[in-house]
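Worksheet: the structure to be examined is printed underneath.
The values are calculated or read from the model by the stated rules, or taken from the named source; none is laboratory data. Owing to the predicted nature of the structure, the values given are computational and were not obtained by experimental measurement. Cβ placement follows ideal geometry from the backbone for every residue including glycine, while neighbour counts extend to all protein chains displayed.
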Amino acid sequence: MLSTCIKIVIYVAANLTAMFTILTGAQFGDEGKGKVIDLLAENYDVVVRFQGGDNAGHTVVVGGKTYKLHLVPSGAIFGRRLLIGPGVVLNPRVLWSEIQALESEGIEVNIGIDAKTTIIMPYHIELDGLREKARTEKIGTTNRGIGFAYVDKIAREEVQMGDLTDPALLDAKLSEIGPAKEKAIADMGGDPTVVRYAPFIDEYLEIGKKLKDRVTDVSREINIALIEEKSVLAEGAQGAFLDVIHGTQKFVTSSFTTAGSACVNLGVGPVMVDNVVGVIKAYITRVGEGPMPTELKDDLGVMMREKGREYGTTTGRARRCGWFDALLGLKSVYLNGYTELALTKLDVLTGIDPIKICVEYKLDGETIGYPPESTVDLARCEPVYEDMPGWTEDITSAEEYDQLPEKARDYVERLEDLLGVDISAVSVGPGREQTIYRDEPED
Ligand code: GDP
Ligand code: IMO
Ligand code: MG
């Protein structure tokens, strides 16, 4: 296992000591990051989340057992040192119940949480729900309070992890920021008592007490780990087009989801980055609202959803499915600077013939080869497809690249050509073992 697993990060650095790798989702989230992180974690000492919150749902399948992780990094099953960086928005209830669930399965969760991590308070969730209800054009948020927790970070009105370990600090903070929150909730027709509701505060403080010994300085820990020649894997959540700057605004999440965000959020210098792995699905999905030019609204889209079990890990909502979009793929390569890609869910395309790849868009009578900046324009783009012949053979137990049907290999290599980045791993099923590592290309 070790020797094959190493290949995915072999392209840039020859040995794994002091390796700092960032992994992000290359599309609209749910690309299979959890699976790939779990695999890579075998070779890393530390796995750290750097943004997002429990809007994420990362699935790891080991020996037929499925773990759905929302906050605990996906290196948990390999028993790695796990960290939650200060750029994460953290719901302590979710974290605590996730830790307990894993530990009840015999998995020791060696986790550190940065003292500055923003806490999602019950009022953030209330505000998220109220705001979404009031919107005529919905975003389709996960209703986890993500956006409003980040608003408070930027507004400098956040509760931090460190505040939960000190009742006096939390009390002082809520006295300062509470009245404005209560007014905002009342103005939106909600129940303002949620802001300083004593049972909620007691529950948060109780969890704070339990997590106190796990509070750490993540930037310091990672930098020291790298100095000590340990390897660190930064686990992205969501995907490139949910990024609050570069995504399909306003239909995005509220954090920075591309690779550069890891350095900023973790307090690690950019020169420390060794490689950036993108996880990309062999087709495309999106959950929630917003444009997706290659969406299939027909039976084929439904078939992809059922075959790929495309239902949200966090909310259970049906994911919208469509053909691979090479224009968005290329933009993602630019946004993230990928050094290699892991292609997931190739098995879901088995039996579809032809398989289409979007290689251009038509917009206002013009043909374009790169997504327009404006979300409104992106929603108006008509995809132009290239057809690839499909295959019918079951590929879910293929172990070597050569065991894939030629047409499946042609598809993988066509994506590689279009994106200009090596696909170093191909996933053919949810299980750990259903992964094919490709040999390092010769120069
Ligand atoms: P993440 O948010 O990027 O970690 O992805 P999710 O876990 O939300 O969704 C990916 C889903 O696809 C999960 O149910 C995985 O178990 C599953 N999965 C991952 N890779 C493959 C694959 O190659 N084939 C199939 N059929 N399922 C996969
Ligand atoms: P992982 O890490 C897919 C989507 C929501 C909604 C938008 C904003 O599992 O890939 P938010 O609650 O963040 O304010 O919702 O972002 N979204 C995701 N879609 N995968 C995710 O995470 C997502 N996290 C948020 O559906 O459209
Ligand atoms: Mg997910």
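Miscellaneous remarks
- The listed residues are Asp364, Asp377, Asp353, and the only one of them that is at positive phi, more than 16 Å from ligand 2 (Cβ to nearest atom) and of a type in the set (D, E, K, R) turns out to be Asp364.
- Pick from segment 329-363, criterion within 14 Å of ligand 1 (Cβ to nearest atom), of a type outside the set (Lys, Arg) and not in a strand (DSSP E or B), ranking: nearest to the chain's Cα centre (by Cα): Ser332
- The single condition among (1) free of Cβ contacts under 8 Å to residues at least 12 places away in the same chain; (2) in the same structural domain as Ala76 (by TED's automatic domain parsing); (3) closer than 25 Å to Glu157 by Cα; (4) outside any loop (DSSP other than H, G, I, E, B) that Ile224 does not meet is (3).
- Candidates Thr344, Thr375, Thr339, filtered to the one that is away from ligand 3 (no atom under 16 Å from the Cβ), over 25 Å from Gln249 (Cβ atoms) and polar (S, T, N, Q): Thr339
- Any hit, segment 209-218, residues being surrounded by 23 or more Cβ atoms within 10 Å (Cβ to Cβ), more than 16 Å from ligand 1 (Cβ to nearest atom) and over 20 Å from Leu419 (Cα atoms): yes
- Note on segment 398-439: residues that are more than 23 Å from the chain's Cα centre (by Cα), surrounded by 15 or more Cβ atoms within 10 Å (Cβ to Cβ) and at pLDDT below 95 total 1.
- First in segment 42-68 and in the same structural domain as Ile245 (by TED's automatic domain parsing) and of a type in the set (Asp, Glu), second anywhere and more than 10 Å from ligand 1 (Cβ to nearest atom) and outside any strand (DSSP E or B), Cβ under 6 Å, 6 or more apart: Glu42/Cys5; Glu42/Phe78; Asp45/Lys230; Asp45/Ser231; Asp54/Leu71; Asp54/Asn91; Asp54/Val94; Asp54/Arg144
- Arg49 meets all of the listed conditions (1) buried (at least 20 other Cβ atoms within 10 Å of the Cβ); (2) away from ligand 1 (no atom under 13 Å from the Cβ) but one, namely (2).
- Note on segment 421-441: residues that are of a type in the set (Asp, Glu) and within 10 Å of ligand 1 (Cβ to nearest atom) amount to 0.
- Residue match in segment 388-401 (condition: touching a Phe, Trp or Tyr at 6+ places or on another chain (Cβ under 9 Å), within 16 Å of ligand 2 (Cβ to nearest atom) and more than 20 Å from Leu23 (Cα to Cα)): no
- Per the listing Glu306, Glu310, the residue uniquely in the same structural domain as Ser261 (by TED's automatic domain parsing), closer than 21 Å to Val60 by Cβ and not β-branched (Val, Ile, Thr) is Glu310.
- Spans of strands (runs of 3 or more DSSP E) in segment 275-328 with at least 3 residues over 21 Å from Leu378 (Cα atoms): 275-281
- Scanning segment 125-140 for residues that are more than 16 Å from ligand 1 (Cβ to nearest atom), under 19 Å from Gly312 (Cβ atoms) and not basic (Lys, Arg) yields Ile125, Asp128, Gly129, Glu132, Ile139.
- Filtered residues of segment 17-38 (kept if assigned to a loop (DSSP other than H, G, I, E, B) and either surrounded by fewer than 24 Cβ atoms within 10 Å (Cβ to Cβ) or away from ligand 2 (no atom under 14 Å from the Cβ) (or both)): Thr17, Ala18, Met19, Gly32
Per-residue answers, yes or no, for (1) in contact (Cβ under 8 Å) with a residue 60 or more places away in the chain; (2) surrounded by fewer than 19 Cβ atoms within 10 Å (Cβ to Cβ); (3) closer than 25 Å to Glu132 by Cα:
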| residue | (1), (2), (3) |
| --- | --- |
| Ile245 | no, yes, yes |
| Ala259 | yes, no, no |
| Val287 | yes, no, yes |
| Arg305 | no, yes, no |
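- Candidate set: segment 39-62, residues that are assigned to a loop (DSSP other than H, G, I, E, B) and within 16 Å of ligand 2 (Cβ to nearest atom); chosen: the one nearest to Val232 (Cα to Cα): Phe50
- Residue list for segment 364-378, restricted to those being part of a strand (DSSP E or B) and of a type in the set (D, E, K, R): Glu366
- Arg131 meets all of the listed conditions (1) more than 16 Å from ligand 2 (Cβ to nearest atom); (2) of a type in the set (D, E, K, R); (3) over 27 Å from Asp166 (Cα atoms); (4) surrounded by 16 or more Cβ atoms within 10 Å (Cβ to Cβ) but one, namely (1).
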